[in-house]
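Engineer: The structure that follows is given in the form of structure tokens.
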Amino acid sequence: VQLQASGGGLVQAGGSLRLSCSASGRTFGDYAMGWFRQAPGKDRQFVAAIRWSSNSPYCADSVKGRFTISRDNAKSTVYLQMNSLKGEDTAIYYCATGPGLQRLEEQGSYDYWGQGTLVTVSS
């Protein structure tokens, strides 16, 4: 299984970015795709998740109303649209996939992780 995250960069506060995560190497079926982030000196935290087979996105409270997760099954790609970015959104963003047998905000739900893409929000 390979996950390739892209789309990170430097953006001013209030701006937008769209991250992409292309996935390959497994039949994803009902698997979950998630986005997590890790800021310098902090633990990795859940951002958003979605299952390939459903249209029920799930976002952390800290990003609700600003971030949107979506998927394109034909392209095996998951997106994270990030609007109204704040300084505290600065982090390395990782995409992950897994069976999602636990709660989707738990890292244990995912068994493969991408390499991460850096998002820097300047104030």
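Engineer: Would you point out which residue out of Ala13, Ala23, Ala5, Ala39 is more than 20 Å from Ala60 (Cα to Cα) and in contact (Cβ under 8 Å) with a residue 12 or more places away in the chain? Walk me through how you get there before you give the answer.
Structural biologist: Details: Ala13 fails: more than 20 Å from Ala60 (Cα to Cα); Ala5 fails: more than 20 Å from Ala60 (Cα to Cα); Ala39 fails: more than 20 Å from Ala60 (Cα to Cα).
From the options Ala13, Ala23, Ala5, Ala39, the qualifying one is Ala23.
Engineer: While we're here: Can you tell me which of (1) more than 18 Å from Val11 (Cα to Cα); (2) in contact (Cβ under 8 Å) with a residue 12 or more places away in the chain; (3) open to solvent by 50 Å² or more (accessible area, probe 1.4 Å) is the one Ser109 doesn't meet?
Structural biologist: (3)
Engineer: While we're looking at this one, here's another question. Could you tell me whether segment 17-36 includes any residue that is more than 13 Å from the chain's Cα centre (by Cα) and over 21 Å from Val1 (Cβ atoms)?
Structural biologist: Filtering segment 17-36 for residues more than 13 Å from the chain's Cα centre (by Cα) gives 24-31.
The next check asks that each one be over 21 Å from Val1 (Cβ atoms); those that pass are none.
No, segment 17-36 contains no residue that is more than 13 Å from the chain's Cα centre (by Cα) and over 21 Å from Val1 (Cβ atoms).
Engineer: Still on this model: So which strands (runs of 3 or more DSSP E) stay within segment 28-123 end to end and still have 1 or more residues that are in contact with a Lys or Arg (Cβ under 7 Å, 6 or more places away or on another chain)? First the steps, then the outcome.
Structural biologist: Values: elements: 32-38, 45-51, 67-72, 77-82, 91-98, 117-122.
In segment 28-123, 32-38, 45-51, 77-82, 91-98, 117-122 are the strands (runs of 3 or more DSSP E) which contain 1 or more residues that are in contact with a Lys or Arg (Cβ under 7 Å, 6 or more places away or on another chain).
Engineer: Turning to a different aspect of this structure: Hey, could you check segment 29-45 for residues that are open to solvent by less than 20 Å² (accessible area, probe 1.4 Å) and out of contact with any Gly (no Cβ under 6 Å at 6 or more places or on another chain) and say which is farthest from Ser76 (Cα to Cα)? Outline the logic, then answer.
Structural biologist: As a first pass, look at segment 29-45 and keep what is open to solvent by less than 20 Å² (accessible area, probe 1.4 Å): 32-37.
Next, from what is left, pick out any that are out of contact with any Gly (no Cβ under 6 Å at 6 or more places or on another chain): 33-37.
Details: Met33: 10, Gly34: 13, Trp35: 15, Phe36: 18, Arg37: 21 Å.
Checking each candidate, the answer is Arg37.
Engineer: Another one. Within segment 54-96, track down each residue that is open to solvent by 50 Å² or more (accessible area, probe 1.4 Å), over 20 Å from Gln4 (Cα atoms) and among the polar types (S, T, N, Q).
Structural biologist: Result: Asn55, Ser56, Ser62, Asn83, Ser84.
The values are calculated or read from the model by the stated rules, or taken from the named source; none is laboratory data. As the structure is a prediction and not an experimental result, all values here were calculated from the model. Using ideal geometry, Cβ is built from the backbone for each residue, glycine included, and neighbour counts are taken over all protein chains shown. Ligands, DNA and RNA are stripped out before the accessible areas are found, and what is left, the full protein with its side chains, is counted by its heavy atoms. Shrake-Rupley method; radii C 1.70, N 1.55, O 1.52, S 1.80 Å.
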